[in-house]
Amino acid sequence: MNQNTKRELYFTSSIIDKVSLEIKNTILAHSPDRSALLQMDSSALLIVDMQEYFFSPESHAFIPSAPSIISKVKDLIKYYNEHSLPIILTKHIEDSGINMGKWWRRKMDDASSAFISEISEISKADIPLMHIIHKSTYDPFYNTDLEKILRAGDVTQLVICGVMTNLCVEQSARSAFVRDILPVIPIDTTAAYTRKLHENTLKNASFAFGLTPLSKELL
């Protein structure tokens, strides 16, 4: 990741609700409201790459707004656990193929690839329907058991949280959509380097392949 990559703190704990509502209203101005399609009872929760690599201020890949989504993601985890619905954690462990290696030119070490502490604690908890998959590219379906896990659980919708909105989260949503699993990307549970990248990705998803609610609308 280039050290000169533009980054913004557009989410903080005090303004995340306000900013997310603004984004939602912008999305609704461009796309129809398809919230009636939401079916939580046949959904699974996919938590993408909530690792120190992206959440630690000491990391070159730090996303300034990412720490502000943690409490929202934890609320969804609690809901899914209480309702005995599947929870899948992804961990990016290496870059596969020529393109990924050429594009980023940096690899995670053991420390940076670790889950952030809040997710690490959850990953070690006794949650029967929790799965951890390791991925090596943007797409968590590529060379993993994710689709098999979802099919086994009769999952028809996938709620996607984590980072980055415009990379792995978006790719997860697109890959789910072409497999006839409807993606749901809560506005306040993902983060990107800038609000523009975050907002434009969600606008595009809402237009073409996913639902984009606020997380509280799922609880």
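The values are calculated or read from the model by the stated rules, or taken from the named source; none is laboratory data. Being a predicted model, the structure only gives us computed values, none of them experimental. A quick note on method: Cβ atoms are made from the backbone with ideal geometry, for glycine too, and the neighbour counts reach across all protein chains shown.
Observations
- Residue 44 vs. criteria of a type in the set (A, V, I, L, M), surrounded by 17 or more Cβ atoms within 10 Å (Cβ to Cβ) and touching a Leu at 6+ places or on another chain (Cβ under 9 Å): yes
- Subset of segment 1-53 that is β-branched (Val, Ile, Thr) and assigned to a helix (DSSP H, G or I) - its residue that is farthest from residue 199 (Cα to Cα): 16
- When restricted to residues that are over 12 Å from residue 38 (Cβ atoms), of a type outside the set (A, V, I, L, M, F, W, C), out of contact with any Phe, Trp or Tyr (no Cβ under 9 Å at 6 or more places or on another chain) and part of a loop (DSSP other than H, G, I, E, B), segment 174-190 contains 1.
- When the helices (runs of 4 or more DSSP H) confined to segment 54-172 are screened for residues that are at pLDDT 95 or above, in contact with a His (Cβ under 9 Å, 6 or more places away or on another chain) and closer than 18 Å to residue 210 by Cβ, those reaching at least 1 such residues are found at 146-152.
- In segment 134-170, of all residues being β-branched (Val, Ile, Thr), within 15 Å of residue 89 (Cβ to Cβ) and under 14 Å from the mean Cα position of the chain (by Cα), the one that is surrounded by the most Cβ atoms within 10 Å (Cβ to Cβ) corresponds to 169.
- Among the residues of segment 57-84, those identified as in contact with a Ser or Thr (Cβ under 7 Å, 6 or more places away or on another chain) and either hydroxyl-bearing (Ser, Thr, Tyr) or surrounded by fewer than 19 Cβ atoms within 10 Å (Cβ to Cβ) (or both) are 59, 62, 68, 75.
- Condition check for residue 206: of a type in the set (Gly, Ala, Ser), buried (at least 16 other Cβ atoms within 10 Å of the Cβ) and closer than 17 Å to residue 74 by Cβ: no
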